[in-house]
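Below is one structure, written out as structure tokens; comments come after it.
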Amino acid sequence: MKAWLECISCKKTFDGGDQRFSCDCGALLDVKYDLSHAILDKQEVASRSSASGVWRFREVVHPLAEKVVSRGEGNTFLYSSSRVSDFVGANVSLKHEGENPTGSFKDRGMTVGVTEALRQKAKTVICASTGNTSASLASYAAMASLKCVVLIPEGMIAYGKLSQALAYGAKVVQVQGNFDEALALVQALSAKKGYYVLNSLNPWRLEGQKTIVWEALMQLNWSVPDWVVVPAGNVGNTSAFGKALMEAKELKWIEKIPRIAAIQAEGANPLYQTFTSGLDELIPVEHPETLATAIRIGRPVNWQKALRSIKDTNGVVEQVSEQQIMDAKSVVDAAGIGCEPASAASVAGAKKLFENGVVKPGDSVLCVLTGHVLKDSEATVNYHQRQLEGIESTFANAPIQTRADLASLGRALL
Ligand SMILES: *Cc1c(COP(=O)(O)O)cnc(C)c1O
Ligand SMILES: [Zn+2]
């Protein structure tokens with residue numbers, strides 16, 4: 001299948017081999033395919049035995065790929081948990097993207113993005129990151145023998161993620177500023193140095209992330225849920241999911257389109273503000289704050305694509321409090337599944353939408369868990385030890401201390 005790039009605003013097209021991330025008019029680009037002639041049978045695709053849940057869909061992810069850089073990403077588990085469903089109120093399944101090789105969905109984007117970087121003959125790849133993007137890029141770059149530079153907001157990323165970027169050998173630069181400032185620097189530097197940018201403004205990354213939704217639909221035997229609920233930070237997933245669903249309809253894989261619900265933290269809610277304002281320009285948040293550091297973003301680069309997804313799917317944007325995020329996380333964790341704080345925004349959001357009557361009793365809800373429980377162990381331990389400032393540890397499971405004798409242990413366990 002052929003692929004090319006198309007401006008999301010003025011619709012100008014560019015060759016699929018071009019190395020560009022925006023149109024001359026400034027808007028972002030989509031990867032486009034001619035799907036009207038495509039015969040891609042969903043049962044055939046599902047029956048492929050593929051080590052990668054991304055490259056299973058190769059024709060509609062990156063048909064121009066040459067040397068594929070893969071770590072067997074995707075093929076993540078779809079959980080159903082009565083505990084989580086009871087908490088939310090509706091019928092929830094959980095797509096656990098923390099089960100990717102580096103512990104977040106970013107791997108689905110990176111396998112495609114780094115494959116494209118090789119095709120572009122890049123020597124150095126770069127990203128700004130709230131943590132997981134850098135962990136993922138550092139790994140895929142090392143596998144592809146590319147140099148890797150990552151810019152992270154100083155003191156604002158979880159330790160597990162920082163440790164991965166260092167371990168995988170990336171050059172890690174801690175910027176004295178927030179994510180949005182780091183991303184602006186990445187774009188300026190790469191324009192000067194020719195570094196290949198792997199933030200989600202890279203259209204190829206989003207092609208990989210589409211497979212989260214396709215794979216979940218496949219696991220649901222192509223029965224379409226009423227809702228797809230996703231945490232929203234730089235809103236790449238929100239963008240990719242809408243594209244995935246519209247393409248799935250065009251490919252005749254599904255007939256009905258589920259509604260997308262994008263969930264933001266109250267302290268980092270630019271998409272929510274923009275959506276509720278009804279205006280056609282981004283309302284940024286200058287000082288985004290949330291302990292869900294993966295979604296601590298004030299100027300989401302994909303906001304136009306994300307709003308298109310919301311519109312195309314008759315979706316909604318909702319916001320949740322820190323308390324709601326941590327309570328949802330502790331329920332997902334205690335169900336034995338586990339996730340990082342930002343991931344739990346989806347479950348917290350589903351619950352809020354249910355309580356507000358937007359999600360109806362009996363609705364089937366697909367919540368995406370974006371990252372692994374070990375990514376931010378500090379937040380988890382602090383929650384259970386009642387040490388998170390401003391948060392009530394509703395479901396605390398604090399460790400018990402005892403002297404080292406049997407009688408004391410017996411008393412401690414009473
Ligand atoms: C990157 C990330 C997000 C935000 O995803 P966007 O596509 O930028 O909205 C959410 N959760 C986790 C764990 C992440 O790593
Ligand atoms: Zn344009």
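Each residue in the range 69-92 was checked for being open to solvent by 20 Å² or more (accessible area, probe 1.4 Å) and outside any helix (DSSP H, G or I), and 10 of them qualify.
Would you mind listing the helices (runs of 4 or more DSSP H) fully within the range 299-414 where at least 3 residues are open to solvent by 10 Å² or more (accessible area, probe 1.4 Å), out of contact with any Leu (no Cβ under 8 Å at 6 or more places or on another chain) and not hydroxyl-bearing (Ser, Thr, Tyr)?
Filter on the range 299-414 gives 322-334, 341-355, 377-384, 406-412.
Condition check ((1) among the hydroxyl-bearing types (Ser, Thr, Tyr); (2) out of contact with any strand residue (DSSP E or B) (no Cβ under 6 Å at 6 or more places or on another chain); (3) away from ligand 1 (no atom under 16 Å from the Cβ)) across all residues:
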residue	(1), (2), (3)
Ser9	yes, yes, yes
Lys12	no, yes, yes
Gly17	no, yes, yes
Asp24	no, yes, yes
Ala27	no, no, yes
Ser36	yes, yes, yes
Val45	no, yes, yes
Trp55	no, yes, yes
Gly72	no, yes, yes
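Looking for whichever is in contact with a Ser or Thr (Cβ under 8 Å, 6 or more places away or on another chain) and part of a helix (DSSP H, G or I) here; the options are Met110, Met156, Met218. Which one fits?
None of the other options fit; the residue is Met110.
Within the range 123-151, the set of residues being in contact (Cβ under 8 Å) with a residue 24 or more places away in the chain and assigned to a loop (DSSP other than H, G, I, E, B) comprises Lys123, Ser129, Thr130, Gly131, Ala144, Leu146. With the structure loaded, tell me whether Ala167 is more than 30 Å from Arg58 (Cβ to Cβ), more than 14 Å from ligand 1 (Cβ to nearest atom) and of a type in the set (A, V, I, L, M, F, W, C) or whether it fails that test. Taking the combined requirement at face value, the residue does not satisfy it.
Each row is one residue, and each column tells you yes or no for (1) within 25 Å of Leu162 (Cα to Cα); (2) within 16 Å of ligand 1 (Cβ to nearest atom).
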| site | (1), (2) |
| --- | --- |
| Ala265 | yes, yes |
| Leu279 | no, no |
| Pro288 | yes, yes |
| Ala306 | no, yes |
| Thr313 | no, yes |
| Gly338 | yes, yes |
| Ala344 | yes, yes |
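For the range 113-122, the set of residues classified as in a helix (DSSP H, G or I), surrounded by fewer than 24 Cβ atoms within 10 Å (Cβ to Cβ) and either within 14 Å of ligand 1 (Cβ to nearest atom) or among the aliphatic types (A, V, I, L, M) (or both) consists of Leu118 only. Among the residues of the range 238-253, just one is within 13 Å of ligand 1 (Cβ to nearest atom) and open to solvent by 10 Å² or more (accessible area, probe 1.4 Å), namely Lys243. Within the range 254-295, the set of residues being in a loop (DSSP other than H, G, I, E, B), out of contact with any Ser or Thr (no Cβ under 8 Å at 6 or more places or on another chain), open to solvent by 70 Å² or more (accessible area, probe 1.4 Å) and not hydrophobic (A, V, I, L, M, F, W, C) comprises Glu255, Lys256, Asp280, Glu286, His287, Glu289. Pairs meeting the criteria (first residue in the range 291-318 and free of Cβ contacts under 8 Å to residues at least 12 places away in the same chain, second residue small (Gly, Ala, Ser) and open to solvent by 20 Å² or more (accessible area, probe 1.4 Å), beta carbons under 6 Å, at least 6 apart or on different chains) are lacking. Hey, any hits in the range 380-393 for a residue that's at pLDDT 95 or above, under 29 Å from Ser136 (Cα atoms), away from ligand 2 (no atom under 16 Å from the Cβ) and under 17 Å from the mean Cα position of the chain (by Cα)? No, that holds for no residue.
The values are calculated or read from the model by the stated rules, or taken from the named source; none is laboratory data. Since the model is a prediction, treat every value here as computed from it, not as a measurement. So basically every Cβ, Gly included, is an ideal-geometry build from the backbone, and we count neighbours across all protein chains shown. In case anyone asks, the SASA skips ligands and DNA or RNA and just uses the protein heavy atoms, side chains included. Shrake-Rupley method; radii C 1.70, N 1.55, O 1.52, S 1.80 Å.
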